[in-house]
1. Just in region A:1-88: which trypsin sites (Lys or Arg not before Pro) are loop by DSSP and have at most 12 other Cβ atoms within 10 Å?
2. Could you give the C-alpha radius of gyration of chain A expressed as a fraction of 2.2 N^0.38 Å, taking N as the number of residues it contains?
3. Kindly provide the Kirkwood hydrodynamic radius of region B:137-290 in Å, to one decimal, from all pairs of distinct alpha carbon atoms.
4. Any idea what log10 I(q)/I(0) is at q = 0.14, 0.18, 0.23 Å⁻¹ for region B:69-145, Debye with uniform C-alpha scatterers and no solvent?
5. Is it possible to state the helix-based mean residue ellipticity at 222 nm for the protein assembly as shown, with each DSSP H run of 4+ residues giving -39500 (n - 2.57), the sum divided by total residues, to the nearest 500 deg cm²/dmol? What is it?
6. Which value, in Å² and to the nearest 10, is the accessible area of A:Asp262 when all protein chains are kept and the probe is 1.4 Å?
7. Could you give the Stokes-Einstein D for region A:203-348 in µm² per second, using the C-alpha Kirkwood radius, 20 °C, 1.002 mPa s?
8. Going by amide H atoms built from the backbone, whose H comes under 5 Å of the H on A:Val238, apart from near neighbours?
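The values are calculated or read from the model by the stated rules, or taken from the named source; none is laboratory data. Computed from a prediction, not measured in an experiment: that's the story for all the values here. All Cβ positions, even for glycine, are placed from backbone atoms using ideal geometry, and neighbour counts span all protein chains on display. Note: accessible area is taken over every heavy atom of the protein model, side chains too, but ligands, DNA and RNA are not part of it. Shrake-Rupley method; radii C 1.70, N 1.55, O 1.52, S 1.80 Å.
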Protein chains: 2
Amino acid sequence: MANKDTPIRIVQYGLGPIGKGAAKLILEKAGSGRLELVGAIDIDPAKANKTVGEVVGTSSDVVISSNAEKVLAEAQPDLVIHTTSSFLPQVEGQLTQCIRAGVSVISSTEELPYPFDRHPSIANNLDTLARKYGVTILGTGVNPGYAMDVLALVATGVCTSVRSVAVRRRVDASLRRLPLQRKIGAGITVEEFNERREQGGLGHVGLVESLRLVMHGLGWPIKKMSESLEPVVAESEVKTPYLTVPPDRVAGIKHTAEAYLDGRIAVSLDLRMYVGANDPVDRVVVDGDPPIDLVVQGGIFGDTATVGALVNAIPQVINASPGLRTVTDLPIPRCFLPGIPYHAPLEL
Amino acid sequence: MANKDTPIRIVQYGLGPIGKGAAKLILEKAGSGRLELVGAIDIDPAKANKTVGEVVGTSSDVVISSNAEKVLAEAQPDLVIHTTSSFLPQVEGQLTQCIRAGVSVISSTEELPYPFDRHPSIANNLDTLARKYGVTILGTGVNPGYAMDVLALVATGVCTSVRSVAVRRRVDASLRRLPLQRKIGAGITVEEFNERREQGGLGHVGLVESLRLVMHGLGWPIKKMSESLEPVVAESEVKTPYLTVPPDRVAGIKHTAEAYLDGRIAVSLDLRMYVGANDPVDRVVVDGDPPIDLVVQGGIFGDTATVGALVNAIPQVINASPGLRTVTDLPIPRCFLPGIPYHAPLEL
């Protein structure tokens, strides 16, 4: 556990677009004396043995290593920021390795923010192990972790009753990183979309996790759920910095999920993420007393926000009780070390 | 501390408009088996010895007593919902009496959500005593406690940096209870307003507490603050269920407060509360990365929301560590027992 008078020692695990953004932000906030980047892990041979400075473009002599065990043992971090994969089974070993080293973890793994239903056995293992080693594990990010779950719950925070919660998020994928544009099928045909949907390689990982977080936070059991994934088709040509989508090709996804209670929809999530979405927005409508209609005008820009969500959780996780936690267990999110500017746009 | 298998035992302390709403809501939610109203305290002789049922219009045999010590000893509550006064010095004795009885408190006292600067000695006493007796004390409500502080902090939750936060709340006081309409000077002349302002009897108690909560939550020290209170003058006649405001008379208040950092405004709050405000709204604008423009369209209706804030904090306070806490210490707010409808409009 970090001493209050010494900086929190951080290892960055994974230096893809989000991981690079997190490392860069930690380096910038390190000037406060509250944080320190003490190690970096990436399995990519092209990154190993380079310095973090070379990879993220900010001064840092920390050398990237592909040997996680060695980094954890030598750097003795308080906490790992973990950004390697969306899927929990793929990262379980990485997480347990951190836990056994006595290190808390904040991970962007989209299946981690509420893993108890999709991966009950892994969730139980992580929780048991984390308690044994006295560390805290948290999955978060902008979505899941904030836009479609935390904001939805906070919107009900002064309601005396709630009948239903509807969450809408429309993202202009034109401005997002290329891997994300690929994940939503931008540029492929509707036929390809339908094929890839069957194979399970499309859609937003973590939407159902947000649904479960909201139901869990409200104390509502999930008795029935539905989910659908449809293509959003481009009406006219859309150009992004990375690709061009001709008319009638796929611009992105409409991914929805609903949880039912007593035969009616209790919580519904509607995520549209496509290139050429000109009016991005986040909205939560609570049918309750009082009714709440909360809108984030212009939406929340995802890549920067995910980096923010991970880094802002650092003090919260350091102070949390041991175990596998969710964002519903932690204090209200807020910017950590807000005055440290993050001028440079993310190169993602 | 409440056992998880038995209902949380609640005493309602104060049966003014907000207290009546809280008692009624607790009675309605008691059907869940998670809550129980076990006592009620009010110093008003007109209410003492009546049942809560008679006073709030919902079935309840709980007898209201003016003897707080006796109620606390006999009812053995886990928690008191305390709604008697806006000012901390006036309620310190009531709060310490609850603490010494081993009872946690959620209070609507507007000076309690962040008392460490205005009343450092009382805050220290309450904190020390609460830790000694193993209970938790929290001040909350819709404002302070949510609209101009919690929402503002949550809006920064995915920001990598924040330069400033501006919070705007416009309330149509026409729909609010008469005591509130009086507190904002509705119907008086501008001259009377200026006189009463000098005497300190006007304005929104708790605005500066919200400002301090936001600065505290962001980790920013308050080096310089400013505050102003101006009348909003009616342009044409305004009628409310309680009173009529002729043109050129006071319709309500514009109450603002700012905190500075490095010579610039870091956090600014602007509260306009007047009869005839036709476009109520709550808005938080974060100048940060990413920028956030969060709007609650139509605003948050305050009287119901304050009752909601108090009751929704119950499980959070029951599970909190002992001491004087703020809303920034607790998990994200959300509706507690959301499925229990609150059909009847509050008669305030």
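1. A:Lys4
2. Against the empirical 2.2 N^0.38 Å value, I get 0.99 for chain A.
3. 16.2 Å
4. Reported log10 I(q)/I(0), two decimals: -0.39, -0.65, -1.05.
5. -8500 deg cm²/dmol
6. 130 Å²
7. 118 µm²/s
8. A:Val245
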